[in-house]
Amino acid sequence: MSETERETMDYDVVIVGAGPAGLSAAIRLRQLDPDLSVVVLEKGSEVGAHIVSGAVIDPSGLAALIPDWKERGAPLATPVRRDQFYVLGAGGAMRLPNLMMPPLMSNHGCYIASLGNLCRWMAEQAEELGVEIFPGMACSELVYGADGEVRGVVAGEFGRQADGTPGPSYEPGMVLNGKYVFLSEGVRGSLARQVIAKYALDADCDVPKFGLGMKEIWEIAPDRHREGTVTHTMGWPLGSNAGGGSFIYHMENNQVCVGFVVHLNYENPYLSPYMEFQRFKHHPMVAELLKGGKRVAYGARAISEGGLQSIPQTAFPGGVLLGCSAGLINVPRIKGIHNAMQSGKAAAEAAQEAIAAGRAGDALTAYDAALREGPVGRDLKPVRNVKPLWSRYGLIGGLAAGGIDMWAGSILGWNPFGTLKHGKTDAEATGLAAKFAPIDYPRPDGRLSFDRLTNVSFSMTNHAEGQPCHLKLADPDIPVKVNLPQYAGPSARYCPAGVYEFVGEEGAEPRFVINFQNCVHCKTCDIKDPSQNITWTVPQGGDGPNYPNM
């Protein structure tokens with residue numbers, strides 16, 4: 001810990017992140033023992049501020065946590081009424097019969113909802129139980145105990161100047177200590193990365209894999225809206241350039257969530273995930289749906305895609321990893337909220353038992369075992385080969401082989417391919433620019449497709465001026481001297497918010513510019529940079545996206 005003097009507060013459990021995993025843990029802790037002191041620290045300006053609307057939610061995790069969620073008024077009001085799966089070509093679409101899909105791909109019993117609003121509701125449930133929730137409190141530093149265990153976090157530091165020194169209005173924040181610290185920061189969390197490295201939690205698992213998910217919320221004409229309809233597509237415009245696909249969810253109030261996922265193990269450094277998303281909306285099927293509509297929100301975030309074989313050890317001395325910090329997404333279903341909730345519940349049960357026994361600061365190995373052997377492990381095991389099969393065999397081969405593997409895994413409890421490895425990291429998968437041709441993307445038309453900076457304004461992202469850049473370069477020379485000549489400067493394209501650019505004046509060497517105020521906290525740069533030269537860290541609390549309540 002740094003030598004800055006700070007006030008200290010002690011709790012039984014400190015939880016970093018007010019997403020579904022962290023809030024589930026807080027609720028379960030107080031359900032089990034109302035005398036436990038529990039605090040949740042959220043870096044967003046409010047609970048849900050960093051969660052863009054629109055998700056298909058499997059309610060199994062919520063039901064396990066709060067069985068009477070319907071009676072309590074949980075904001076899950078739109079049941080899925082229709083599932084559609086398409087393979088797209090440039091000018092047409094082929095619908096896949098639902099009977100072809102393994103049963104686990106069905107969204108029957110799921111709900112289309114705003115995850116942000118669900119988290120706000122869960123925060124209310126937690127506070128009614130006596131949980132303390134502090135929004136606008138970014139956790140910038142871990143605090144360690146005498147035996148090397150995680151003891152707490154530093155939260156709420158404000159007022160550092162661009163060079164990192166304390167400014168005139170500097171506030172040092174506080175140290176919040178706990179008998180256990182739960183990290184539920186989402187994908188590629190900065191504190192989670194530190195504990196994974198410090199305790200070698202990934203020594204026995206496969207490499208992590210990720211996708212970039214981008215999402216827009218649209219208000220469309222009532223005669224085009226089909227509340228409760230869920231559509232997934234594969235194929236165009238990505239083709240053989242990258243794996244991925246789209247999702248379209250018809251929510252309430254004539255709104256649709258239009259999303260696009262690009263697997264980040266693509267080779268061509270000229271590929272722009274954002275521009276592929278914008279091009280997708282010009283497909284005749286999508287363009288007709290959105291015709292005359294209005295985009296009202298935009299956001300992006302990385303998605304964990306490694307599956308079961310990429311989950312690190314989730315318990316470490318003094319704490320645990322929850323939800324997407326551990327990588328619990330079911331990739332083919334594009335669902336992880338239910339698993340996040342189950343992880344929070346399991347961690348709470350392990351911590352409560354440990355505290356009742358007088359323990360503190362040890363590794364909650366019972367949690368790691370419950371995660372792998374319980375509902376989360378059972379959900380992820382049948383689909384563990386979908387991602388590596390797609391990576392190896394492409395769309396058609398991967399779809400066929402993955403379908404066979406999922407059918408066998410879900411029906412027989414046996415996967416014919418065993419457990420496949422992922423191979424390279426997403427950064428290592430990036431190819432040299434000399435092996436590829438640049439991609440000429442159509443210019444956004446301002447009606448269906450939009451330039452990045454215009455769309456970023458619809459994320460309501462904001463970062464206070466004068467603070468240090470939260471995107472750290474290990475070597476400031478690498479972007480221009482390595483990444484630009486070898487990989488054609490891919491950060492200018494893989495970032496969905498226009499944070500990075502190479503600026504060149506005639507006769508001068510190009511400059512690498514980081515427009516960190518544009519950052520929507522997706523963390524793609526931390527994952528995809530081929531030189532692994534960029535580290536995403538938290539800016540001061542309350543900064544970043546402020547997604548609307550929808």
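The values are calculated or read from the model by the stated rules, or taken from the named source; none is laboratory data. The model shown is predicted, which means the values in this text are computed figures rather than measured ones. Cβ atoms come from the backbone with ideal geometry, glycine included; neighbour counts cover every protein chain shown. Side chains included, ligands, DNA and RNA excluded: accessible areas come from the protein's heavy atoms. Shrake-Rupley method; radii C 1.70, N 1.55, O 1.52, S 1.80 Å.
Of everything in region 314-323, what is open to solvent by 10 Å² or more (accessible area, probe 1.4 Å) and in a strand (DSSP E or B)? Give them in sequence order.
If the condition is that a residue be open to solvent by 10 Å² or more (accessible area, probe 1.4 Å) and in a strand (DSSP E or B), then A315 is the only one that fits.
Looking only at residues that are assigned to a loop (DSSP other than H, G, I, E, B) and of a type in the set (S, T, N, Q) in region 105-124, which one is most open to solvent (accessible area, probe 1.4 Å)?
S106
Could you give every pair whose Cβ atoms fall below 7 Å, whose first residue belongs to region 508-532 and is of a type in the set (V, I, T), and whose second residue is part of a helix (DSSP H, G or I), counting only separations of at least 6 or pairs across chains?
That search, which allows pairs on different chains as well, returns V520/V456; V520/S459; T524/Y494.
I'd like to check something: does region 457-470 contain any residue that is hydroxyl-bearing (S, T, Y), touching a Leu at 6+ places or on another chain (Cβ under 8 Å), touching a residue at least 12 places away in the same chain (Cβ under 8 Å) and not in a loop (DSSP other than H, G, I, E, B)?
The answer is no, given that none of the residues of region 457-470 is hydroxyl-bearing (S, T, Y), touching a Leu at 6+ places or on another chain (Cβ under 8 Å), touching a residue at least 12 places away in the same chain (Cβ under 8 Å) and not in a loop (DSSP other than H, G, I, E, B).
Within the bounds of region 270-282, is there any residue that is in contact with a strand residue (DSSP E or B) (Cβ under 7 Å, 6 or more places away or on another chain) and either under 24 Å from P103 (Cα atoms) or small (G, A, S) (or both)?
Checked region 270-282: no residue is in contact with a strand residue (DSSP E or B) (Cβ under 7 Å, 6 or more places away or on another chain) and either under 24 Å from P103 (Cα atoms) or small (G, A, S) (or both).
Given (1) outside any loop (DSSP other than H, G, I, E, B); (2) crowded, with 18+ Cβ neighbours inside 10 Å, where does E185 come up short, assuming only one miss?
Status for E185: all satisfied but (1).
I'm checking my understanding of the structure. Among residues of region 524-546 that are farther than 22 Å from F158 by Cα and under 15 Å from the mean Cα position of the chain (by Cα), which one is surrounded by the fewest Cβ atoms within 10 Å (Cβ to Cβ)?
D526
Just checking, how many residues over region 415-434 are farther than 18 Å from S391 by Cβ and either open to solvent by 40 Å² or more (accessible area, probe 1.4 Å) or assigned to a loop (DSSP other than H, G, I, E, B) (or both)?
2
Which numbered condition trips up G293, out of (1) free of Cβ contacts under 8 Å to residues at least 24 places away in the same chain; (2) more than 25 Å from V153 (Cβ to Cβ)?
Looking at each condition in turn, G293 falls short on (1).
If you check T461 against the conditions, is it open to solvent by 20 Å² or more (accessible area, probe 1.4 Å) and not acidic (D, E)? Steps first, answer last, please.
Values: open to solvent by 20 Å² or more (accessible area, probe 1.4 Å): yes; not acidic (D, E): yes.
For T461, the condition - open to solvent by 20 Å² or more (accessible area, probe 1.4 Å) and not acidic (D, E) - is met.
Of everything in region 215-258 that's among the charged types (D, E, K, R) and in a strand (DSSP E or B), which residue is farthest from R95 (Cα to Cα)?
Checked region 215-258; the qualifying residue farthest from R95 (Cα to Cα) is E219.
Condition check ((1) hydrophobic (A, V, I, L, M, F, W, C); (2) crowded, with 24+ Cβ neighbours inside 10 Å; (3) within 15 Å of the chain's Cα centre (by Cα)) across all residues:
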residue: Y249; (1), (2), (3): no, yes, no
residue: E252; (1), (2), (3): no, no, no
residue: V286; (1), (2), (3): yes, no, no
residue: K291; (1), (2), (3): no, no, no
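Conditions tested, residue by residue: (1) under 15 Å from the mean Cα position of the chain (by Cα); (2) in contact (Cβ under 8 Å) with a residue 24 or more places away in the chain.
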residue: S325; (1), (2): yes, yes
residue: N330; (1), (2): yes, yes
residue: I334; (1), (2): yes, yes
residue: I337; (1), (2): yes, yes
residue: Q342; (1), (2): no, yes
residue: A351; (1), (2): no, yes
residue: D362; (1), (2): no, yes
residue: T365; (1), (2): no, yes
residue: A369; (1), (2): no, no
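Restricting the search to region 472-523, which residues are in contact with a strand residue (DSSP E or B) (Cβ under 8 Å, 6 or more places away or on another chain), modelled with pLDDT of 95 or more, among the small types (G, A, S) and assigned to a loop (DSSP other than H, G, I, E, B)?
Within region 472-523, A474, G489, A497 qualify.
Does G489 fit the bill of being farther than 30 Å from I51 by Cβ and open to solvent by 20 Å² or more (accessible area, probe 1.4 Å)?
no
Could you pull out the residue among E171, E132, E157, E127 that is open to solvent by less than 50 Å² (accessible area, probe 1.4 Å) and of a type in the set (D, E)?
One residue alone meets the criteria, E157.
Go through region 146-171 and give me each residue that's assigned to a loop (DSSP other than H, G, I, E, B) and either in contact with a Pro (Cβ under 8 Å, 6 or more places away or on another chain) or without any contact (Cβ under 8 Å) to a residue 40 or more places away in the chain (or both). Walk me through how you get there before you give the answer.
Quick first cut of region 146-171, residues assigned to a loop (DSSP other than H, G, I, E, B) only: 146-149, 156-157, 161-165.
A146, D147, G148, E149, E157, Q161, A162, D163, G164, T165, listed by residue number.
Please indicate, with yes or no, whether at least one residue in region 371-389 is buried (at least 24 other Cβ atoms within 10 Å of the Cβ) and polar (S, T, N, Q).
Yes, region 371-389 contains at least one residue that is buried (at least 24 other Cβ atoms within 10 Å of the Cβ) and polar (S, T, N, Q).
It is to be established whether one or more residues within region 204-213 are of a type outside the set (G, A, S) and not in a loop (DSSP other than H, G, I, E, B).
The answer is yes; a qualifying residue exists.
Rundown of residues vs (1) within 27 Å of D529 (Cα to Cα); (2) modelled with pLDDT under 95; (3) hydrophobic (A, V, I, L, M, F, W, C); (4) crowded, with 23+ Cβ neighbours inside 10 Å, yes/no style:
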position	(1), (2), (3), (4)
V256	no, no, yes, yes
L308	yes, no, yes, no
P312	yes, no, no, yes
S325	yes, no, no, yes
Q342	no, no, no, yes
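Tell me, which strands (runs of 3 or more DSSP E) lie completely within region 1-101 with 3 or more residues that are surrounded by 14 or more Cβ atoms within 10 Å (Cβ to Cβ) and not aromatic (F, W, Y)?
Values: elements: 7-16, 38-42, 55-57, 82-88, 93-95.
Of the strands (runs of 3 or more DSSP E) lying wholly inside region 1-101, those with at least 3 residues that are surrounded by 14 or more Cβ atoms within 10 Å (Cβ to Cβ) and not aromatic (F, W, Y) span 7-16, 38-42, 55-57, 82-88.
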